[in-house]
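Visitor: Supplied in structure tokens, the structure appears directly below.
The values are calculated or read from the model by the stated rules, or taken from the named source; none is laboratory data. None of these values were measured; they are calculated from a predicted model. Note: ideal-geometry Cβ built from the backbone for every residue, glycine included; neighbour counts use all protein chains shown.
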Amino acid sequence: MEERPILPSDVHGVAVRRRFPGLANQIKHARRFVERQLGSSPEIPTATLLTSELATNALTHSASGAPGGKFEVAVYLAEGWTRVEVRDLGSPELPRAQHRDPYDTSEHGRGLDLVEALAAKWGTEPRDGGLGRLVWFELTWEPGDALPAA
């Protein structure tokens with residue numbers, strides 16, 4: 001699982017990506033990967049939560065969760081801004097927020113609602129070559145802000 005720099009085409013910032021096996025135990029590794037890329041950003045807790053939601057969706061709702069499946073996480077980073085993309089192997093349906101009743105106690109179906117509520121922007125698009133899709137979110141913060149030292 002090598003981390004490789006990538007050249008963004010329509011996005012600014014420095015980018016790194018990593019591919020993960022399509023196994024539920026890899027979601028924690030995807031969160032840690034994003035956390036490492038963000039350094040001392042104050043948005044680490046939000047970025048790791050949303051990454052977990054998108055990676056879980058990739059495994060649950062696409063071929064990425066099938067035997068031999070995989071998913072990829074890309075992190076773009078610039079001062080005061082990040083974009084995280086989760087690329088999966090696709091399914092027939094496009095992901096969308098559910099807009100559930102806040103008092104609904106269902107365990108599932110809230111991931112994209114969280115992304116929509118917490119991200120500055122988010123979206124989904126087919127992957128180049130038509131195999132799968134990517135779901136992304138962007139977070140912003142005041143340049144110079146950092147997490148408090150532990």
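Visitor: If ARG133 satisfies every condition in (1) within 25 Å of PRO67 (Cα to Cα); (2) at pLDDT below 85 but one, which is the exception?
Guide: The one condition ARG133 does not meet is (2).
Visitor: Hey, among GLU138, GLU142, which residue is under 22 Å from ILE44 (Cα atoms), at pLDDT 75 or above and not in a loop (DSSP other than H, G, I, E, B)?
Guide: On the way: GLU142 fails: not in a loop (DSSP other than H, G, I, E, B).
That would be GLU138, the only listed residue that is under 22 Å from ILE44 (Cα atoms), at pLDDT 75 or above and not in a loop (DSSP other than H, G, I, E, B).
Visitor: Moving on. I'm trying to understand the selection: among the residues of the stretch 74-90, which are part of a loop (DSSP other than H, G, I, E, B), in contact with a strand residue (DSSP E or B) (Cβ under 9 Å, 6 or more places away or on another chain) and either at pLDDT below 90 or at negative phi (or both)? Steps first, answer last, please.
Guide: Let us first name the residues in the stretch 74-90 that are part of a loop (DSSP other than H, G, I, E, B), namely 79-80, 89-90.
Subsequent filtering for residues that are in contact with a strand residue (DSSP E or B) (Cβ under 9 Å, 6 or more places away or on another chain) retains 80, 89-90.
Once the filter is applied, which keeps residues that are part of a loop (DSSP other than H, G, I, E, B), in contact with a strand residue (DSSP E or B) (Cβ under 9 Å, 6 or more places away or on another chain) and either at pLDDT below 90 or at negative phi (or both), the stretch 74-90 yields LEU89, GLY90.
Visitor: Only one of these is more than 19 Å from ILE27 (Cβ to Cβ), part of a strand (DSSP E or B) and modelled with pLDDT under 90: GLU93, GLU125. Name it.
Guide: It is GLU125.
Visitor: Of (1) at pLDDT 90 or above; (2) over 21 Å from SER41 (Cβ atoms); (3) of a type outside the set (S, T, N, Q), VAL115 satisfies all except one. Which?
Guide: (2)
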